[in-house]
Amino acid sequence: MMSVETEIRFTLNGRPVSLKVPATMKTLAMLRDRLGMTGTKYACGEGECGACTIEIDGKTVNSCLMYAVDCDGREVVTIEGLRTPEGLHPVQQAFVDHGAVQCGFCMPGMIMQARNLLANNPELTREQAQRGLEGNLCRCTGYTKVLDAVEAVAGKNTCGRATP
Amino acid sequence: MEKTANPTTKQTLIGTRVKKPDAPDKATGKTRYINDMVLPQMLIGKVLFAGRPHARIVRIDTTAAQALPGVHAVLTGQDATGLKFGFSRDNVALKDKVRCEHDEIAAVAAETEEIALRALALIEVEYEDLPGVFTPEAGAREDAPLIHDNFPGNKSLHFEFEHGDLAEAEAASDIIVDNVFRPHHVTHCCMGTSCAIADFDHNGKLTIWTQTQYPYNYKMDLAPALGINPGDIRVIQPPVGGAFGSKLDVYPYEPIAALLAKKTGRPVKVIYSREEEFKASPTRQAAIIHMRTGCTRDGVLTFRSADVLLDNGAYTSWGPTIPVIMMRTVSGHYRVPVVDFKAQAIYTNNPYAGSFRGYGNVQTTWATAQQMDMLADLVDMDPLAFHLKNAQRSGEVTPQKSFLRECALVECLEAAASASDYSRKRTEYAALRDAPGRYKKGIGLASSVHNAGGAKIHKSDGIGTILKMDDYARVTVITGASEIGQGIDAVITLIVAEELGVPLEHVTIVNNDSDVAPWDVGVHASRTTFIAGNGTRRAAQKAKAQILNAAERMLGEPTETLDLRGGQVVFERDGTPLIQLERLLRQMHFKAEPELVMVTDYYEPKSEPEGARHISDHSAAYSHAVHIAEITVDTLTGEITVDKVTAAQDVGRVINRMGLEGQVEGGLAIGLGYALSENMQIDKGMLKNACFRDYKLITAPEMPPLDLHFIESNCAEGPYGAKGISELPTIVIAPAIANALYNATGVRIFNPPMSPETVARAIHERRAQTNAGKVATPAEGLAV
């Protein structure tokens, strides 16, 4: 009954990874269950909440919808990859400083999306951030402090590519 | 004396912005939530749900599932026979009869989730479907099918409260509004789905890692579902992805995890998918509220009556107990001289409700706050003036004996109305109501009252605190206060730093292990900042007294001249440093008669037990909030856009301003979803929209700008004057929007949510009536 496994190679947070995954495995499951990268969260499994948001080749995706085999040859960044040797990434630090984190479960996905929006548009406005974060659900914060955090980082050009 | 240190002036942290200590780990993905936990030898448990609302189980065959390689245990109702649990002892972990769609019929523990799911598919169950009961009205009928054999008439809990002569009050009323409101089913939607991990040791002691928000009574409630002693349960609370009241009771997946662990001798983790979460986690209580409120021609309230029918669902969790709070609002939301309250819960084959932020008051305020608006309209008064006329002042006592010691309702009304320019806009928008144009603006005011100093519904509403300091002046607070994301960690840190003059980052909190931390009632009833804040402050003050006494002995300076600031012992008068705190602590520790700083405190608030008659000062404080919603209504599509919310709330005193704002903003977002879009579509007991695509939460673009006003009434019993705050924001916003909708369009919505379909239909009907020459009186006011 074991499904066919395929060997894939990709870059995860700047380091090369190779492993065998079943054809039916989603990227989220691979990250969490095979690679121990539990920063990326499961909250719906059908691309409706954004908690599993990661970056593939500079674009954010819902890792719950993407097959793990499709990571082959690509550059994958997860929330764990944003940290710099100096400490938290400026977006992470802004979320902490502005009280955007309560239970925090949606925050890895929210921060990945926010960082990507800022990387693509360093002058992101509050309204653009609201629209850009529409796919990331949060039940605790009412988004207000999330937007405060994004607004504080916008204009500071701190969100070049996450990949080291 | 330290040469380098400079004098330290006293700078209070109370009211400042303090970061949550756990935020960096959460923002970097480092935090290990319960959902992320894996233990050696751990098995995965999955549950077979009935998938039908009411049925007899004719036959159940688990042979094939048991035989599947990788399966370690399969349990059915036979394995849980007699192990009743729950508020009315009407629930059991695994059922022998189906009473609702998500009844747990069997459970599997297997080496992987994939194997567990395959095993579930191999379980054969033969059902005989029974006629169901899907509304409380149907359940109350004499010929209704019986859901529990031992609850005749499907009757669950019943509550009553009367005060004054209703007939006399009705006769004295010039205007009476009389409406039926039907608050609907919604659910918590915690981003982290429900999860429990259970493990038994060989002495028969259970360790359960759980998301519970009430670890101590949880032991008492879980034990009967397993047939063990509550003392043999250790509760560990890893970080959780939200709770909002959904984890204030034991739900079947938790004893199921434990029963599987017992059977297999291995740790077992049960975790829900999102679909399971929608179907099998508790809801907010749905209700049918027949409310009548009267007033005189000059706008003085004469009475309020409420006859409430509650859809109990299949089992009794916290949901059907909400009348305890509903009646406080009916009797205490403005000065109501005569009160008549009745509530009856009826078992149905629907999903069942737990507690949910705003517990009972969301439903009640939906009704009371709209009727306040209707009465103002009918006596031709500005609602603000009507509210002010009936508002209680400090020192007043409600008919149920809630003592409003420090009451800032008037200040809240005035602050919100003035900041939003309420009265002018209301008049202007009402005048434009029937003018041409597709988009209409409206402004609506609503308020409510809620317990803000705990709620003594248990025998105790107290908390235990242990505070210890090490040789480096690092402080550990061991407290019963649970952290579910609300930010008690920041509040405790702030209070310790305030009292002991240590840096915030030198405070560690241990609050997640029932074998270590002392008793607490749990995170509920907006109580934790109030109760745990007092407990922490008292413990810190005891530690400070011990330290200053030692300093007096060593330095020869009287304690009353000393203070702790900036990690040092200083002169109170000018901050001159005398000795570093850590050095003093080491000297205390390593001397001939050594002493360690480790203090304990048990704090029990000055409140009275709820009592069977519900006449008691059941909270140590009460608080009010006023919300003013400004909206734009698309009269063609019925879509409501909330343009701005002005919220004024009596917070007693601001402790952590950033955490306070976050609680109000987040509470408002849950209230907005309740008001506008969230709705469990339950058709004959079956949930039709068990996903975020079809169950619509508020998203970032829909969050309106907020103008928050914190009124500081300085509560004498609260820590530094603070009151509990977290539920009112969820409670007040929906009727504020409903009143704004009336202002904009002249329609009233009695059954939330105010979805585009509902609003568009109501607008269309009003137009049809107006065109037919009928006078539309949505308030249904009766001139008596």
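The values are calculated or read from the model by the stated rules, or taken from the named source; none is laboratory data. Being a predicted model, the structure only gives us computed values, none of them experimental. Every residue, glycine among them, receives a Cβ derived from its backbone with ideal geometry; neighbour counts consider all protein chains shown.
Of the residues contained in region B:144-163, one or more are found to be over 24 Å from the mean Cα position of the chain (by Cα) and farther than 30 Å from residue B:683 by Cβ.
Checked against the criterion of being modelled with pLDDT under 95 and either on the phi > 0 side of the Ramachandran plot or of a type outside the set (S, T, N, Q) (or both), region B:576-585 has no qualifying residue.
Here's the yes/no breakdown for (1) acidic (Asp, Glu); (2) in contact with a helix residue (DSSP H, G or I) (Cβ under 6 Å, 6 or more places away or on another chain):
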position	(1), (2)
B:186	no, yes
B:192	no, yes
B:196	no, yes
B:199	yes, yes
B:202	no, no
B:205	no, yes
B:220	no, yes
B:223	no, yes
B:226	no, yes
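Looking at residue B:328, is it surrounded by fewer than 24 Cβ atoms within 10 Å (Cβ to Cβ) and assigned by TED's automatic domain parsing to the domain that holds residue B:371? First the steps, then the outcome.
Values: surrounded by fewer than 24 Cβ atoms within 10 Å (Cβ to Cβ): no; assigned by TED's automatic domain parsing to the domain that holds residue B:371: yes.
Answer is no for this residue.
Residue by residue, here is whether (1) at pLDDT below 95; (2) touching a Pro at 6+ places or on another chain (Cβ under 6 Å); (3) assigned to a strand (DSSP E or B); (4) more than 10 Å from every other protein chain (Cβ to nearest Cβ) holds:
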| position | (1), (2), (3), (4) |
| --- | --- |
| A:32 | no, no, no, no |
| A:36 | no, no, no, no |
| A:46 | no, no, no, no |
| A:51 | no, no, no, no |
| A:54 | no, no, yes, yes |
| A:60 | no, no, yes, yes |
| A:69 | no, no, no, yes |
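Residue A:155 fulfils the conditions (1) part of a loop (DSSP other than H, G, I, E, B); (2) within 9 Å of another protein chain (Cβ to nearest Cβ) except for a single criterion, (2).
Only one entry in B:278, B:244 is under 21 Å from the mean Cα position of the chain (by Cα), within 14 Å of another protein chain (Cβ to nearest Cβ), surrounded by 24 or more Cβ atoms within 10 Å (Cβ to Cβ) and on the phi > 0 side of the Ramachandran plot, namely B:244. Residue count for region B:207-217 satisfying the condition of being crowded, with 24+ Cβ neighbours inside 10 Å and either within 12 Å of chain A (Cβ to nearest Cβ) or touching a strand residue (DSSP E or B) at 6+ places or on another chain (Cβ under 6 Å) (or both): 5. For region B:141-154, the count of residues that are small (Gly, Ala, Ser), crowded, with 22+ Cβ neighbours inside 10 Å and either modelled with pLDDT of 95 or more or farther than 24 Å from residue B:277 by Cβ (or both) is zero.
Do we find a residue being surrounded by fewer than 18 Cβ atoms within 10 Å (Cβ to Cβ), more than 14 Å from chain A (Cβ to nearest Cβ), farther than 29 Å from residue B:320 by Cβ and in contact with a Leu (Cβ under 8 Å, 6 or more places away or on another chain) anywhere in region B:20-41? There is no residue in region B:20-41 that is surrounded by fewer than 18 Cβ atoms within 10 Å (Cβ to Cβ), more than 14 Å from chain A (Cβ to nearest Cβ), farther than 29 Å from residue B:320 by Cβ and in contact with a Leu (Cβ under 8 Å, 6 or more places away or on another chain). When restricted to residues that are away from every other protein chain (no Cβ under 13 Å) and surrounded by fewer than 20 Cβ atoms within 10 Å (Cβ to Cβ), region A:109-125 contains 5. Candidates B:676, B:660, B:672, B:697: the one that is more than 9 Å from chain A (Cβ to nearest Cβ), of a type in the set (A, V, I, L, M) and closer than 17 Å to residue B:639 by Cα is B:676. Does residue A:17 count as away from chain B (no Cβ under 14 Å), out of contact with any Asp or Glu (no Cβ under 8 Å at 6 or more places or on another chain) and crowded, with 17+ Cβ neighbours inside 10 Å? No: the conditions fail for residue A:17.
Restricting attention to region A:82-100, does a residue exist that is touching a helix residue (DSSP H, G or I) at 6+ places or on another chain (Cβ under 8 Å), part of a helix (DSSP H, G or I) and away from chain B (no Cβ under 14 Å)? The answer is no; no qualifying residue exists. On the stretch given as region B:512-528, residues that are under 16 Å from residue B:722 (Cα atoms), in contact with a helix residue (DSSP H, G or I) (Cβ under 9 Å, 6 or more places away or on another chain) and more than 14 Å from chain A (Cβ to nearest Cβ) total 2.
Screening residue B:401 against (1) of a type outside the set (Phe, Trp, Tyr); (2) surrounded by 21 or more Cβ atoms within 10 Å (Cβ to Cβ); (3) in a loop (DSSP other than H, G, I, E, B) leaves a single unmet condition, (2).
Being surrounded by 20 or more Cβ atoms within 10 Å (Cβ to Cβ) and over 30 Å from the mean Cα position of the chain (by Cα): is that true of residue B:176 here? Yes: the conditions hold for residue B:176.
Taken over region B:700-725, the residue count meeting the criterion of being within 12 Å of chain A (Cβ to nearest Cβ), of a type in the set (A, V, I, L, M, F, W, C) and outside any strand (DSSP E or B) is 2.
Can you confirm whether residue B:61 is crowded, with 21+ Cβ neighbours inside 10 Å, among the acidic types (Asp, Glu) and either at pLDDT 95 or above or on the phi > 0 side of the Ramachandran plot (or both)? Against the criterion (crowded, with 21+ Cβ neighbours inside 10 Å, among the acidic types (Asp, Glu) and either at pLDDT 95 or above or on the phi > 0 side of the Ramachandran plot (or both)), residue B:61 does not qualify. Considering region B:728-778, the residues that are assigned to a helix (DSSP H, G or I) and of a type in the set (D, E, K, R) include one that is nearest to residue B:437 (Cα to Cα), namely B:767. Restricting attention to region B:631-653, does a residue exist that is within 14 Å of chain A (Cβ to nearest Cβ), more than 26 Å from residue B:741 (Cα to Cα) and assigned to a loop (DSSP other than H, G, I, E, B)? No, that holds for no residue. Say we look at region B:250-273 and pick out the residues that are among the charged types (D, E, K, R) and more than 17 Å from residue B:192 (Cα to Cα); which of these is nearest to the other protein chains (Cβ to nearest Cβ)? Only one residue tops the list, namely B:266.
Here residue B:303 meets each of (1) surrounded by fewer than 24 Cβ atoms within 10 Å (Cβ to Cβ); (2) assigned by TED's automatic domain parsing to the domain that holds residue B:681; (3) farther than 30 Å from residue B:280 by Cα with one exception, condition (1). Restricting region B:495-532 to residues that are over 18 Å from residue B:600 (Cα atoms) and of a type in the set (Gly, Ala, Ser), the residue that is farthest from the chain's Cα centre (by Cα) is B:501. When the criteria are applied in full, residue A:26 fails the requirement of being more than 10 Å from every other protein chain (Cβ to nearest Cβ), within 13 Å of the chain's Cα centre (by Cα) and over 22 Å from residue B:485 (Cβ atoms).
Any residue that is touching an Asp or Glu at 6+ places or on another chain (Cβ under 8 Å) and among the basic types (Lys, Arg) - is there at least one of those in region B:731-753? Checked against the condition, which is being touching an Asp or Glu at 6+ places or on another chain (Cβ under 8 Å) and among the basic types (Lys, Arg), region B:731-753 yields no hits at all.
Here B:531, B:509 are screened, and the one residue that is crowded, with 21+ Cβ neighbours inside 10 Å, within 22 Å of residue B:721 (Cβ to Cβ) and in contact with a Pro (Cβ under 8 Å, 6 or more places away or on another chain) is B:531.
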